[in-house]
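The values are calculated or read from the model by the stated rules, or taken from the named source; none is laboratory data. Note that the coordinates shown come from a computational prediction; the quantities given were computed from them, not determined experimentally. Quick reminder, even Gly has a Cβ in these numbers, built from the backbone with ideal geometry, and neighbours come from all protein chains shown. Surface accessibility is based on the protein's heavy atoms, side chains included, excluding ligands, DNA and RNA. Shrake-Rupley method; radii C 1.70, N 1.55, O 1.52, S 1.80 Å.
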Amino acid sequence: DQQVKQNSPSLSVQEGRISILNCDYTNSMFDYFLWYKKYPAEGPTFLISISSIKDKNEDGRFTVFLNKSAKHLSLHIVPSQPGDSAVYFCAASGLGRNSGGYQKVTFGTGTKLQVIP
Amino acid sequence: DTGVSQNPRHKITKRGQNVTFRCDPISEHNRLYWYRQTLGQGPEFLTYFQNEAQLEKSRLLSDRFSAERPKGSFSTLEIQRTEQGDSAMYLCASSFLGQVTDTQYFGPGTRLTVL
């Protein structure tokens, strides 16, 4: 059961244009959402996050939007740059079953973004 | 420093052999996680430590897998009697207890190939 879904395995965007990456989730207990970027042969790098009490978070060229009623979030990159070409993972977090406030993170399958110069 | 480091970066082994991977988290981080990633998939949670205590294990972690974090600093993940299905990227991540939210920072991973 895929609780975090990224239905677009790949996306190509022209340099300077907007990239929009989408993510859907099914578990209403998720309350914290993250985006990671991954280059080949490297581990995922944290990019931006959003708490369920917000609907938008912005950091430079990156903005994440959260629509809780639709259980949907998106990552906007504007303007897109060739260095943004990577695999982007959406992740969602909710309380794990053990003590300590641990929040188990569930990842989507990733979207490969290619920014064309 | 430095971020999360993992060693080795690559490991090729024959089926049936034992392998051990090491993870050194960010120094002030007291939470440590192991994930496995296969081609076309996102990272899948394996296990989690808070300091030296292993607090959660995924059903993915069979009896052949064992993880330790003896002094609450570095961690090791051992796979006994490796199988070809164990071939994957093994990722370690760490985070800091005390944050309101749990942003995990990943290492570069250890790519395991079982022949």
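Table for the structure above
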quantity	calculated
Average other protein chain Cβ within 10 Å of Cβ, residues A:33-39	3
Rel. contact order, % - alpha carbon contacts under 8 angstrom, at least six apart, the stretch B:1-107	34 percent
Rounded D (µm²/s) - chain A, Kirkwood Rh over Cα pairs, Stokes-Einstein at 4 °C, 1.567 mPa s	90 µm²/s
Convex hull projection area averaged over all views, chain B, Cα basis, nm²	7.0 nm²
Choice from B:Asp86, B:Asp63, B:Asp24 showing the highest fluctuation, given a GNM over chain B with Cα pairs closer than 10 Å	B:Asp63
Gained length - A:Ile116 relative to A:Ser10, 0.36 nm times residue gap less alpha-carbon distance	36.8 nm
Cβ-based charge dipole, chain B, positive-most Cα from B:Ala88, B:Leu77, B:Trp34	B:Ala88
Cα-based convex hull volume of the protein assembly as shown per residue, rounded to whole Å³	128 Å³
Solvent exposure, largest accessible area first (probe 1.4 Å, DNA, RNA and ligands not counted), of B:Arg59, B:Arg81, B:Arg15	B:Arg59, B:Arg15, B:Arg81
Computed Rg/Rh of the stretch B:39-97, alpha carbon atoms with Kirkwood Rh	0.96
Percent RCO, i.e. relative contact order, over chain A, from Cα pairs under 8 Å lying at least 6 residues apart	36 percent
Residue order for A:Asp59, A:Asp31, A:Asp84 - accessible surface, 1.4 angstrom probe, largest first	A:Asp59, A:Asp31, A:Asp84
DSSP loop GluC sites (Glu not before Pro) with at most 12 other Cβ within 10 Å: longest gap in chain B	B:29-82
Peptide-level mean, for A:41-48, of C-beta atoms on other protein chains within 10 Å	6
Above-threshold pairs, the threshold being 24 Å between Cα atoms, out of A:Lys71/B:Lys57; A:Lys112/B:Lys14; A:Lys37/A:Lys104	A:Lys71/B:Lys57; A:Lys112/B:Lys14
